[in-house]
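Below is one structure, written out as structure tokens; comments come after it.
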Amino acid sequence: MMKYLIVSILLLLGFVSYAQSGEQEFEKHRLQYKDFIFAPGLIVQHDTFLEFNMLIGEVTVADGKIPVVGVEGFRIGLETNLRGGRNYVIAPKVGYEISATVFALRLSAVNYFQNEKSEFRLLPELGISMYGWVNLTYGYGIPFNNGNLNNVSHHRLGLSFNLDKRLKNKIGN
């Protein structure tokens, strides 16, 4: 099952890269720039978590036969459930995101810490996007050890925002 998921993600990345490179010839108006984007979010995985990320990458706003609007780049951040005591969890993470027009694809490495327990997970996420500005994703955390963490499940649903003014303005058009 995991082998099929990884192969599917790699194929999707290949098709997206090919489609975007061929599209540049037909675009009439293209705005592309590198930026640092604050990307907060909300995650539900047995418990509710908040996430705080910085996306370092490229923002594209291109009108053409097939409009491409979104972000692509590396993410660094952390997620936490903001609870006290034995249920407190904090998780630093790094990853890569492609959110363009109507789809979102993310791959992250996350290390959850809860008291003396620790668990490292590889986290692929796939979902829908509203021009890269708002993303709703489903992810499955693939553990590399069994940390027996409370309030952290393998399945997760995430709502995130890439707070960039030009992306937000594109939604209004």
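Just so it is clear, none of the values below were taken in a lab; they were calculated from the coordinates. Quick caveat, the model's predicted, so the values are computed rather than measured. Cβ: placed from backbone, ideal geometry, glycine included. Neighbour counts: every protein chain shown.
By how many nm would the segment from N115 to I128 lengthen if fully extended, with 0.36 nm per residue of separation less the alpha-carbon distance?
On the way: separation 13, 0.36 × 13 = 4.68 nm, distance 3.43 nm.
That works out to 1.2 nm of additional length.
Residue by residue through the stretch 90-106, what is 3J(HN,Hα) from phi via Karplus (6.51 cos²θ - 1.76 cosθ + 1.60, θ = phi - 60°)? Round to whole Hz and write x for glycine and proline.
Result, rounded to whole Hz: 10, 9, x, 8, 9, x, 9, 10, 10, 10, 9, 6, 10, 10, 10, 9, 9.
Pulled fully out, how much extra length does the chain show between L136 and K65, if you take 0.36 nm times their separation in residues and subtract their Cα-Cα distance?
Values: separation 71, 0.36 × 71 = 25.56 nm, distance 2.55 nm.
Roughly 23.0 nm would be gained on extension.
Compute the distance in nm between two label points, each set 7 Å from the Cα along the Cα-to-Cβ direction, one at L82 and one at K34.
According to this spin-label approximation, the distance is 3.4 nm.
Can you flag which of K117/K168; K117/K165; K65/K93; K34/K93 are past 32 Å Cα-Cα? Provide the component values of the computation, followed by the final result.
Numbers: K117/K168 40 Å; K117/K165 40 Å; K65/K93 36 Å; K34/K93 21 Å.
Beyond 32 Å: K117/K168; K117/K165; K65/K93.
With 10 angstrom as the radius, rank L55, L149, L167 by how many other C-beta atoms surround their C-beta, starting from the fewest. Intermediate results must be reported in sequence, preceding the final value.
Details: L55 27, L149 20, L167 24.
The most exposed by this proxy come first: L149, L167, L55.
Among R75, R166, rank each residue by its count of other Cβ atoms within 10 Å, from fewest to most, as a rough exposure measure. Walk me through the numbers before you get to the answer.
Values: R75 23, R166 15.
The order, fewest Cβ neighbours first, is R166, R75.
Explain nothing, just compute: Karplus ³J(HN,Hα) = 6.51 cos²θ - 1.76 cosθ + 1.60, θ = phi - 60°, for every residue of the stretch 61-73 in order, whole Hz, x for Gly and Pro.
10, 10, 9, x, 4, 10, x, 10, 9, x, 10, 8, x
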